[in-house]
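Structure record follows, encoded as structure tokens.
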There are 2 protein chains.
Amino acid sequence: MQGFEIISVDSHCPARVGVLHTAHGDVNTPVFMPVGTRGAVKGITPAQLAETGTVMVLANTYHLLLRPGAGVIQSLGGLHRFMSWPGPILTDSGGYQVFSLATLARVGDDGVEFSSHIDGEKIYLDAEIATRAQRRLGADIIMCFDEPAAFPCEPARLETAMERTIRWAKACKKTHRKGQQLLFGVVQGGVDLRLRSRCARELVKLDFDGYAIGGLSVGEGRENMLETVEHTAGLLPADKPRYLMGVGTPSDIIAAVRAGVDMFDCVLPTRNGRNAVAFTENGPLRLRNASHIKDARPIETDCDCCCCRNFTRAALRHFFNVGEMLGPILLSIHNLRFYQRLMNRITQALEKGCFDRWAKEQLVRANLCGCPNKQGAGT
Amino acid sequence: MQGFEIISVDSHCPARVGVLHTAHGDVNTPVFMPVGTRGAVKGITPAQLAETGTVMVLANTYHLLLRPGAGVIQSLGGLHRFMSWPGPILTDSGGYQVFSLATLARVGDDGVEFSSHIDGEKIYLDAEIATRAQRRLGADIIMCFDEPAAFPCEPARLETAMERTIRWAKACKKTHRKGQQLLFGVVQGGVDLRLRSRCARELVKLDFDGYAIGGLSVGEGRENMLETVEHTAGLLPADKPRYLMGVGTPSDIIAAVRAGVDMFDCVLPTRNGRNAVAFTENGPLRLRNASHIKDARPIETDCDCCCCRNFTRAALRHFFNVGEMLGPILLSIHNLRFYQRLMNRITQALEKGCFDRWAKEQLVRANLCGCPNKQGAGT
């Protein structure tokens, strides 16, 4: 029952329309997953989230392991009930946060010992433990424990991290119980295409339910990122879903879909929303600006979100100006709706057979007007 | 068209069921109005607010005058559009906040000069200016500019404040344009029943659309408060709505309805919600307590709010523990729904003719179990 089905592939590029069948429902791809780090998309109720057109969400194993703990969530009936999200959920493995947030005590070929960024508690994580923790959380898709490398990274360290990622993927595969949870491998290797090739080749041999491209959007720059995505996506089996982790701006997503990527997650819509920056067709709108004080227009006239249907830019500016919670809430909702509408437009272009041309136009336009490429810049 | 209609009066006490006809719809009384201080009920969208059963909301003129300004709101089409609240709205006069938040520069018989608590800007407010500002905001019910006294207060000062309140009420009445906005007088006089009597008598002569009892719940204690409410409500015309400002706990509301009060506003449900304290039939529930870590129950089994229908106490405890916005949001929604369900129970008891007995039982129960009387204590 669970698995991936390709509906159509574009005739000019590897972009495709698909359906991901999960234990908690079907997901049309390409799909964007909002980030519910600690069991909640910040400030948004599940009903509001569903209204944005969201079908699938991501939660972070690392954060949930620290608080409230995988055992607590399991005893409460699993992550779906805990978050009150009846649809599909994906959990990452915790690797990214361990290497970016925690204080590392010891990284070995077997696993990682680190101190929690909350209270300094010493924790040990390896492929087996991370996979078991994700089993207890009970997401529909779980990820192999991996070691992403920072950017820039010494070639030798990058290679070690990549080799460990392969080793750990084997251990995850061994620990994983075939059943309702799909297990994805994560390709690492920084922007070194040779390392990416080796990692992809080894992971594909292990026959995962899907493949993620990890370790990007960490400072390597857009060109390097897209080159790596195009290269790596091409090495992954066409009949399995491809997931680009933690990316990105609207134009990053369009470019990656064009390279054959099916799944995305990113904190940009919610983080920018909390920081008073709205995504729009015409580029970013900074709601704190005094120019909005008397502006009776919605953020976007043609947007159907509850923010645009009900509130003026002036009211939003006021909410941010006085520190009302409703500012971040409404703008996060708008930005998520913007992303979901973007995914709808991508899918429609694919279904109409005009995606490649449409995508090129969008990417040129983004470069010309400095948006939506640079939406995330400086926020 | 606008005005008050009494549907029924209890046979054992002055409690009554009524309908308040406003330019933005009818309001069944007794009514509880959530507080949207700066144009938003903290953390709650209008759709979520309507779902709690809320029909009418309050906004604070003082806060809106400072930011974004009455002129800005008027230019955007008024407060209803600004807040995106299509139902009835009441604004207070600003008097309470001027005397409690601002730094007073000069209080005279004509008006008050004060410094904004935001940026120290010098502002002058008097009856005429406050009434005009409320006209610009465009609420359905506006209040006379008054001088509430702190508790305790020197008898001479209390009397001066009360006399000014009468003088200013006359000026407000003169400035007020008969039309869509109803104007309420505010009875002051602290807990001095003689002063309350004089103030009520003078205001009643001016024939307002309704009468508020102000200056209570400022430290005078529950017994003094209820004695003052009973005394004052009895002096106000039976055919006009009576509004007890800024009060209170569930048992305060039950007792005041029993004294013939029709309208209430209070920050307790939202403030307690933000502070992780839930209102329940069985008294306050402190969601930060470790006892909730694995508690799979909702806050209240029989509550139909989106918090109780979807989230466990364990999840709420987690949200507060990690600082997720969803904790304050969900608990504010639950507490508002608790208050609106309380108002429904009051109305049902009145309609069934058993209110007086029911109210006595509730008040005894509240005293016995220390709840919901003491819900607000220490939070």
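Brief remarks follow.
- Scanning the range B:56-70 for residues that are assigned to a loop (DSSP other than H, G, I, E, B) and away from chain A (no Cβ under 13 Å) yields a count of 1.
- A count restricted to the range B:13-36 and to residues that are small (Gly, Ala, Ser) and part of a strand (DSSP E or B) stands at 2.
- Condition met for A:Val35 (within 14 Å of chain B (Cβ to nearest Cβ) and under 28 Å from A:Arg258 (Cβ atoms)): yes
- Filtered residues of the range B:157-182 (kept if surrounded by fewer than 24 Cβ atoms within 10 Å (Cβ to Cβ) and within 19 Å of the chain's Cα centre (by Cα)): B:Gln181
- Condition met for A:Pro30 (modelled with pLDDT of 95 or more and either within 14 Å of another protein chain (Cβ to nearest Cβ) or closer than 19 Å to A:Leu331 by Cβ (or both)): no
- Selection of helices (runs of 4 or more DSSP H) fully inside the range A:237-333 by the criterion of at least 3 residues being farther than 28 Å from B:Ala50 by Cα and modelled with pLDDT of 95 or more returns A:250-258.
- Selection count where residues are out of contact with any Ser or Thr (no Cβ under 8 Å at 6 or more places or on another chain), part of a loop (DSSP other than H, G, I, E, B) and surrounded by fewer than 23 Cβ atoms within 10 Å (Cβ to Cβ), scope the range A:205-235: 8
- Looking across the range B:101-111, the residues that are in contact (Cβ under 8 Å) with a residue 12 or more places away in the chain and more than 14 Å from every other protein chain (Cβ to nearest Cβ) come down to B:Ala102, B:Thr103, B:Ala105, B:Val107, B:Asp109, B:Asp110, B:Gly111.
- In the range A:305-328, the residues that are in contact (Cβ under 8 Å) with a residue 24 or more places away in the chain and more than 7 Å from chain B (Cβ to nearest Cβ): A:Cys305, A:Cys307, A:Cys308, A:Arg313, A:Leu316, A:Arg317, A:Phe320, A:Gly327, A:Pro328
- A:Met225 being farther than 30 Å from A:Met325 by Cβ, aliphatic (A, V, I, L, M) and either in contact with a Leu (Cβ under 6 Å, 6 or more places away or on another chain) or without any contact (Cβ under 8 Å) to a residue 60 or more places away in the chain (or both): yes
- The one condition in (1) surrounded by fewer than 22 Cβ atoms within 10 Å (Cβ to Cβ); (2) within 23 Å of the chain's Cα centre (by Cα) that A:Asp252 fails to fulfil: (1)
- Filtered by the rule that a residue be in a helix (DSSP H, G or I) and within 7 Å of another protein chain (Cβ to nearest Cβ), the range B:75-84 gives B:Ser75, B:Phe82.
Conditions tested, residue by residue: (1) farther than 30 Å from A:Asn344 by Cβ; (2) without any contact (Cβ under 8 Å) to a residue 12 or more places away in the chain; (3) within 16 Å of the chain's Cα centre (by Cα).
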site: A:Arg38; (1), (2), (3): no, no, yes
site: A:Gln74; (1), (2), (3): yes, no, no
site: A:Ser84; (1), (2), (3): no, no, no
site: A:Asp92; (1), (2), (3): no, no, yes
site: A:Tyr96; (1), (2), (3): no, no, yes
site: A:Thr131; (1), (2), (3): yes, no, no
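- From the list A:Gly53, A:Gly39, A:Gly87, the one residue that fits, being assigned to a loop (DSSP other than H, G, I, E, B) and crowded, with 21+ Cβ neighbours inside 10 Å, is A:Gly39.
- Residue among A:Arg297, A:Arg286, A:Arg271 that is farther than 24 Å from A:Glu220 by Cα and within 14 Å of another protein chain (Cβ to nearest Cβ): A:Arg297
- The test for being more than 18 Å from the chain's Cα centre (by Cα) and within 22 Å of A:Thr54 (Cα to Cα) holds for A:Gly78.
- Residue that is farthest from B:Leu316 (Cα to Cα) [pool: residues in the range B:344-361 that are under 21 Å from the mean Cα position of the chain (by Cα) and surrounded by fewer than 22 Cβ atoms within 10 Å (Cβ to Cβ)]: B:Thr347
- Every residue from the range A:98-116 that is assigned to a loop (DSSP other than H, G, I, E, B) and at pLDDT 90 or above: A:Leu101, A:Gly108, A:Asp109, A:Asp110, A:Ser116
- Comparison of B:Ser93, B:Ser100, B:Ser115 shows that the only residue that is under 17 Å from B:Gly138 (Cβ atoms) and not hydrophobic (A, V, I, L, M, F, W, C) is B:Ser93.
- Boolean, A:Phe114 is among the aromatic types (Phe, Trp, Tyr), free of Cβ contacts under 8 Å to residues at least 40 places away in the same chain, in the same structural domain as A:Val17 (by TED's automatic domain parsing) and on the phi < 0 side of the Ramachandran plot: yes
- Residue match in the range B:123-131 (condition: within 14 Å of another protein chain (Cβ to nearest Cβ), in contact with a His (Cβ under 7 Å, 6 or more places away or on another chain) and surrounded by 19 or more Cβ atoms within 10 Å (Cβ to Cβ)): no
- Pick from the range B:132-156, criterion small (Gly, Ala, Ser) and out of contact with any strand residue (DSSP E or B) (no Cβ under 9 Å at 6 or more places or on another chain), ranking: surrounded by the most Cβ atoms within 10 Å (Cβ to Cβ): B:Ala149
The values are calculated or read from the model by the stated rules, or taken from the named source; none is laboratory data. Computed from a predicted model, the values in this text were never measured in an experiment. Methodologically, a virtual Cβ is constructed for each residue, glycine included, from the backbone with ideal geometry; neighbour enumeration extends over all protein chains shown.
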